[in-house]
Amino acid sequence: MNPFAMPRRDAITLAIFAVVVLAMPFWLAPFGAAYPGLLQKFAIFGIFAIGYNILFGLTGYLSFGHAAFLGVGSYTAVWSFKLLTMDVFPAIIFAVLLAGLFALLIGWLSLKRSGIYFAILTLAFAQMMYNLAYSVLTPITNGETSLQLTLKDPRLIDMMFMERGAGLPSATLLGHNFTGFEAFYFTAVMLILAFFVAQKIFSSPFGMMLRAIKSNQTRMNYTGFNTKPYTLTAFVISGMYAGLAGALLAVTDPLAGAERMQWQASGEVVLMTILGGVGTLVGPVIGAWLIKYFENIFSAFNEGMLSRFFDFLPDGVQDLVVTVTSKFVGEGWHLTLGLLFVLVVVFLPGGIMEGVRRLGKLFQRQGKPGAGAAVRVQPAE
């Protein structure tokens, strides 16, 4: 059986997704978001959201502690850079495996409960790890200062083939230093691969079993079916995705801090998934892109930029519009994001992807011959 084989519809979806991701530097340029650092964040947090959706979207288990695995991935990758080599592949492999081990332990304990109790348990474990990173584990995490590269790092593998340089090294890909758009395209390829794996999971018998658990786990338990291995596997896979995202954050910026493990980071990925569409493949990625755009671009708007934008209005009206609008941009970007989230939850419970489906059905109805025309019934003669 070919592991890369997929239905034609899924192949088309993957191809379109790959084209959209790889072309991001071009179609995001008009929105002011085409610089490499932000594009890398789009790709990395897209991976984070895809992995979280495997747990939340397929099984219905709401975790408030996934940032813990993001932090584990970052710390592991930086230690790989410090001890072994600046090559990204060992760092990514170690980060994914260690995040998976932590997810196995935390998932095994947390999945003894369900519903709100499960959510609280994951939050508690994540906060414990966050506090440990700031206190007891300071020799490993470097506490508030964050774990960073130093000139004295052993880098055992690298030192076997090269001499120690005068400055701090940067991440390499099979010996090639990559920054800027090269680094973005590396993270973009990782996002496409993560999307492909998620597609296979969604369409597999395992994915169908997870959907059944989400639909009615109680009934499955009553029939004698043991759902624990399936939910635990989904939790571990989701944690490994988070570890991958954390490793890529360290690849693009070789440092790791405990702030990546805060509960706000866990809440952010929940918002990404709900905003885009829980249980959909593309939705969480769109949600991640939207939130990161608000955080990095929309938050930079100021009154000067608004004044230039509304300079076509009369002076009195312009001042009023700028004064009102300024409350929703810059430091007030959270207010705009909150209003958007409320509107989506109220009018599009299925997220942005539900709105896309509604528009698609609307255009299909309008495109049919005679659509909307009244049906006239002729009396029988």
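The values are calculated or read from the model by the stated rules, or taken from the named source; none is laboratory data. Since we're looking at a predicted model, the values are computed, not measured. Cβ placement follows ideal geometry from the backbone for every residue including glycine, while neighbour counts extend to all protein chains displayed. These area figures cover heavy atoms from the full protein model, side chains too; ligands, DNA and RNA do not enter into them. Shrake-Rupley method; radii C 1.70, N 1.55, O 1.52, S 1.80 Å.
Just checking my list (i) 38, 30, 22; (ii) 28, 25, 23; (iii) 38, 29, 19 against semi-axes √(5λ) of the Cα gyration tensor in Å computed from this structure; which label fits?
Recomputing semi-axes √(5λ) of the Cα gyration tensor in Å here picks out (i).
Once all Cα-Cα distances of the range 191-277 are split into 5 Å bins that start at 0, what whole-number percent is in each one?
Distribution as computed: 3, 10, 16, 21, 19, 14, 9, 5, 2, 1 percent.
Using +1 on the beta carbon of Lys and Arg, -1 on that of Asp and Glu, and nothing else charged, what's the dipole of the chain about the Cα centre, debye to 20? It would help to have the intermediate numbers written out before the result.
Numbers: 24 positive and 18 negative charges, 321 e Å.
Approximately 1540 debye in magnitude.
Leaving out ligands, DNA and RNA, and with a 1.4 Å probe, what % of the accessible surface on the range 1-130 is carbon or sulfur?
Details: 4300 of 5500 Å².
For the range 1-130, the apolar C and S fraction of the accessible surface comes to 78 percent.
Applying a 10 Å radius around every beta-carbon, put 60-69, 201-210, 111-120, 273-282 in order of their mean neighbour count, most first.
On the way: 60-69: 26.4, 201-210: 16.2, 111-120: 14.3, 273-282: 23.7.
Taking the mean over residues of other Cβ atoms within 10 Å, the ranking is 60-69, 273-282, 201-210, 111-120.
With an 8 Å Cα cut-off and a minimum separation of 6 or more residues, compute the relative contact order for the range 237-296 in percent.
Numbers: 30 pairs, mean separation 11.2, N = 60.
Result for the range 237-296 is 19 percent.
How large are Rg and Dmax for the range 118-273 when only the alpha carbon atoms are used, in Å?
20.1, 66
Taking a probe of 1.4 Å, how large is the accessible area per residue of the chain, in Å²? Before the final figure, lay out each step's value.
Details: 19880 Å² over 381 residues.
Per-residue accessible area for the chain comes out at 52 Å².
Can you pull the one-decimal nm distance between simple spin-label points at L137 and M208, each 7 Å off the Cα toward Cβ?
3.9 nm
Any idea what % of Cα-Cα pairs in the range 1-90 are farther than 16 Å?
On the way: 2898 of 4005 pairs.
The calculated P(r) of the range 1-90 puts 72 percent of pairs beyond 16 Å.
Give the residue from A67, F195, Q127 lying farthest towards the positive end of the charge dipole for the chain; charges sit on Cβ (+1 for Lys and Arg, -1 for Asp and Glu) and the dipole is referred to the Cα centre.
My answer, from the dipole projection, is F195.
Could you pull out every residue, at least 5 positions away or on a different chain, whose amide H is within less than 5 Å of the one on T172? Hs are placed 1.01 Å off N in the peptide plane, and Pro or chain starts have none.
Amide H neighbours of T172: D87, V88.
Top to bottom by accessible area (1.4 Å), largest first, where do D87, D311 land?
The most accessible residue leads, giving D311, D87.
Exceeding 31 Å between C-alpha atoms, which entries from my cross-link table qualify? They are K41/K228; K41/K82; K292/K361; K112/K200; K41/K327; K200/K228. Intermediate values should be presented prior to the final figure.
Numbers: K41/K228 34 Å; K41/K82 23 Å; K292/K361 29 Å; K112/K200 27 Å; K41/K327 26 Å; K200/K228 21 Å.
Pairs exceeding 31 Å: K41/K228.
Whole number please: convex hull volume per residue of the Cα set in the range 276-348, in Å³? Display every interim value, and only then the final one.
Working: hull volume 7.3 nm³, N = 73.
Spelled out: Cα convex hull of the range 276-348, divided by residues, is 100 Å³.
Got a sec to turn the phi values of the range 234-240 into Karplus ³J(HN,Hα) couplings, 6.51 cos²θ - 1.76 cosθ + 1.60 with θ = phi - 60°, whole Hz, x for Gly and Pro?
These are the phi-based 3J(HN,Hα) values: 4, 5, 5, 4, 4, x, 5 Hz.
For the range 118-185, with only Lys/Arg (+1) and Asp/Glu (-1) charged at the beta-carbon, what is the dipole magnitude about the Cα centre, in debye rounded to 20? Walk me through the numbers before you get to the answer.
Working: 3 positive and 5 negative charges, 22 e Å.
Here the size comes out at about 100 debye.
Is there a quick way to get the dipole size of the range 229-361? I mean about its Cα centre, with the Cβ of Lys and Arg at +1 and of Asp and Glu at -1; what is the value in debye to the nearest 20? Walk me through the numbers before you get to the answer.
Details: 7 positive and 10 negative charges, 124 e Å.
Value, rounded to 20: 600 debye.
Running Debye on the range 66-210 with equal point scatterers at the Cα sites and no solvent, what base-10 log of I(q)/I(0) appears at q = 0.12, 0.17 Å⁻¹?
Values returned for q = 0.12, 0.17 Å⁻¹ are -0.67, -1.13.
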